[in-house]
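Quick note: the coordinates plus some simple rules give every number you see, no bench work behind them. Everything numeric here is computed off the predicted structure, so don't read it as measured data. Reconstructed Cβ throughout: ideal geometry from the backbone, glycine too, with neighbour counts over all protein chains shown.
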Amino acid sequence: MVRSQTISAKIWYALLIVVMVLIALTSIAPIVHTVAVSFSHKAYAAAGAVSFWPKGFNLYAYKQIVADSKFLHSFMVSVERVLLGGAINFLMTVLMAYPLSRTSEQFGGRNAYMWFLIFTMLFSGGVIPLYILVKSLGLFDSIWALVLPSAVPVFNVILLMNFFRGIPKELNEAGSMDGAGPWYMLFRVYIPLSLPSIATVTLFSIVGHWNSFFDGMIFMRSVEHYPLQTYIQQLVVQMSISTMASDPNKYELMRQLSDQTLNAAKIVVAVVPVLVVYPFLQKYFIQGILLGSVKE
Amino acid sequence: MTGKAEQTRLPVRPQTELSETRPGKKSKKPFQAHYHLMLMPGIILLLIFSIIPMFGLLMAFQDYKISKGIFGSPWVGLENVTYFFELSDSKVIIRNTLFLAISKIVANLIVPLVFAVLLNEVRQRAFKRTVQTIVYLPHFLSWVILAGIFSELLLTDGIVNRMLEVFGIGPIQFLGDNRVFPYILIGSDVWKEFGFNTIIYLAALAGIDPHLYEAASIDGAGWRKQTRLITLPLLRATIILLATLAIGNILNAGFDQIFNMYSPIVYESSDVIDTYVYRAGILDGQYGFATAIGLMKSVIAFVLIIFSYSLAYKYANYRIF
């Protein structure tokens with residue numbers, strides 16, 4: 001009796017492990033397939049003969065990319081926006097989180113500022129007024145159009161503020177006894193003590209900047225100013241989707257014209273930076289997400 | 001307001017008085033100017049890029065012409081909104097928005113719950129962590145990238161259709177068939193987000209006292225009974241909280257995903273408020289009309305968010321700050 005129970009329990013457990021492995025495989029299979037296509041021979045890819053391992057291995061697609069100045073330029077625009085945008089987001093987050101983490105007794109305006117932030121987070125003018133504003137500020141085709149509208153990541157400010165509030169008040173009192181001002185406290189005490197949280201929110205804004213395509217699409221009028229995601233959206237995805245959904249007569253022709261290995265390689269290049277920061281991201285983000293639930 | 005509270009409390013706080021007498025500290029509250037200064041750059045940027053566009057919402061009540069601007073364009077009252085409801089498209093768009101958004105909300109609550117409960121049973125910690133690392137990954141990839149990947153996978157002669165062929169099914173026009181496409185949207189959204197959405201459930205599961213399970217198994221309760229009588233009831237608060245907070249998303253069908261995956265053939269089953277606003281506004285230049293629809297959506301969403309957060313605060317003591 002006892003024995004049969006353990007045997008059936010063992011079978012269930014083995015089944016559970018198999019199901020977990022299958023689910024995990026499903027999560028990366030599409031990406032693995034795309035990598036395989038990018039390294040395959042064009043003819044095999046067009047014939048749909050590639051599954052999860054390259055067929056007719058070659059670097060043709062990547063050689064094309066290296067020679068494609070528009071693609072490389074878009075890549076650099078993305079790198080630029082990530083560095084500039086990430087730096088601005090970081091500065092805004094720490095500079096705003098610190099004063100807001102004071103109690104309203106220590107900082108009289110705290111609650112008013114807080115409500116202002118909440119209001120901007122909950123309500124927005126929407127895409128068209130922003131589009132017209134950016135246009136009238138003359139920021140079209142400028143890198144600033146990609147970093148300034150999202151300069152203040154309000155949600156991150158609130159997350160970090162909650163974390164700062166969890167730092168023992170004694171530290172602050174000790175600091176002010178020694179005559180330390182708020183700038184010293186922020187940069188020498190609070191930031192060093194909250195590096196994991198700051199890393200989390202900064203990595204989130206970096207990935208956000210890398211991944212966003214919409215602002216590039218509406219604020220940039222020429223391909224040379226497109227960030228990478230916008231480039232891929234306009235020159236890879238839209239083409240494929242319209243191929244997909246076009247009428248059967250055109251379908252064959254469009255299909256022959258589109259270069260799947262090249263498209264796949266462009267996608268892989270756009271994914272690699274995310275994969276590079278992912279281990280760091282993964283180290284902190286669970287903490288970061290649960291940070292929001294920190295109570296006083 | 002705060003000043004008043006301060007005055008009434010001051011007498012019982014001798015430390016504050018003490019610090020007042022220290023040289024160089026004239027104010028009862030030191031560093032006020034510094035705090036304002038720290039906030040200033042961010043507040044200015046928010047004023048420009050969040051608050052000014054809100055005044056742009058006035059164009060929702062105008063026949064807005066970019067050459068005439070907000071001050072010169074003629075006022076039309078609610079005509080933009082009534083015009084939208086007269087269009088035959090409006091019903092389809094609202095139906096699509098609600099269907100896709102609600103389906104995603106429900107699926108994104110249930111699938112991660114099931115997955116988290118199952119994953120929690122795994123005893124090998126290294127294996128568990130590996131699975132988590134892998135399933136979280138798609139969350140960090142953009143819909144541009146995923147649409148690029150899926151459009152290739154789901155071709156009529158793509159890998160998915162070739163697999164289905166083995167079972168004698170298809171080929172299916174996944175992205176070109178109005179009966180199939182909405183489910184592709186829901187399914188791919190769940191695929192992208194389920195792993196990430198387990199984080200909160202796993203945290204809640206980690207908080208359950210293991211003695212409860214020990215006691216239950218001594219009493220002869222099996223896995224199924226333990227799940228039904230211990231795990232799920234203890235997760236109930238988390239589930240209700242997540243469901244409540246999701247109310248605010250009832251009009252968010254997922255612009256980035258739909259925009260990257262749809263095409264004119266499937267507008268009938270996938271055109272939603274946000275995609276329609278984009279096409280009417282940015283592409284066709286009907287600024288006033290598109291803004292009016294966007295505003296209508298924001299107002300409803302705003303009310304829903306306030307409602308859901310106050311529910312969450314009342315019943316689960318949840319607050320964001």
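Some values worked out for this structure:
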item: Relative packing of A:145-154, A:14-23, A:259-268, B:247-256, which averages over residues the other C-beta atoms within 10 Å, highest first; result: A:259-268, A:145-154, B:247-256, A:14-23
item: Relative contact order (%) - criterion: Cα under 8 Å, at least six apart; region: region A:1-58; result: 27 percent
item: Cα gyration tensor, chain A - rounded (a/c under 1.5), prolate or oblate; result: oblate
item: Per-residue ³J(HN,Hα) for region A:165-176, Karplus 6.51 cos²θ - 1.76 cosθ + 1.60, θ = phi - 60°, Hz, x for Gly and Pro; result: 5, x, 6, x, 5, 4, 4, 5, 5, 4, x, 6
item: Qualifying chymotrypsin sites (Phe, Trp or Tyr not before Pro) for region B:96-171 [loop in DSSP, other Cβ within 10 Å: at most 13]; result: B:Phe167
item: Cβ-based net charge around B:Glu268, under 14 Å, with every Lys or Arg adding one and every Asp or Glu removing one; result: 0
item: Where chymotrypsin sites (Phe, Trp or Tyr not before Pro) in DSSP loops with at most 15 other Cβ within 10 Å are excluded, longest remaining stretch of chain A; result: A:58-296
item: Built amide H within the under 5 Å cut-off of B:Gln62, gap 5+; result: B:Val76
item: Alpha-carbon centroids, region B:71-87 and region B:192-262: separation in whole Å; result: 44 Å
item: Prolate/oblate/rounded label for chain B (Cα gyration tensor, a/c 1.5); result: oblate
item: Gyration tensor (alpha-carbon) shape descriptor, the protein assembly as shown, a/c threshold 1.5; result: oblate
item: Note, ³J(HN,Hα) from phi for region B:203-219, Karplus 6.51, -1.76, 1.60, rounded to Hz, x at Gly and Pro; result: 5, 5, 5, 5, x, 7, 5, x, 4, 4, 5, 4, 4, 5, 6, 5, 6
item: Within the protein assembly as shown, helix-based [θ] at 222 nm, where runs of 4 or more DSSP H residues each add -39,500 (n - 2.57), nearest 500; result: -21500 deg cm²/dmol
item: Under-5 Å amide H pairs with A:Lys55, H placed in peptide plane, nonlocal only; result: A:Ser40, A:His41
item: Cα lying deepest toward the dipole's positive end in region B:82-316, options B:Phe127, B:Val190, B:Gly148, charges on Cβ; result: B:Phe127
item: Rounded to whole Hz, the Karplus (6.51, -1.76, 1.60) HN-Hα couplings of region B:119-127, x for glycine and proline; result: 4, 5, 7, 5, 8, 6, 5, 5, 4
item: 29 Å Cα-Cα threshold exceeded, pairs from A:Lys10/B:Lys225; A:Lys266/B:Lys192; A:Lys266/B:Lys128; B:Lys68/B:Lys297; A:Lys10/B:Lys128; result: A:Lys266/B:Lys128
item: Residue of B:Ser73, B:Ser298, B:Ser50 that the Gaussian network model of chain B assigns the largest fluctuation, springs spanning Cα pairs under 10 Å; result: B:Ser50
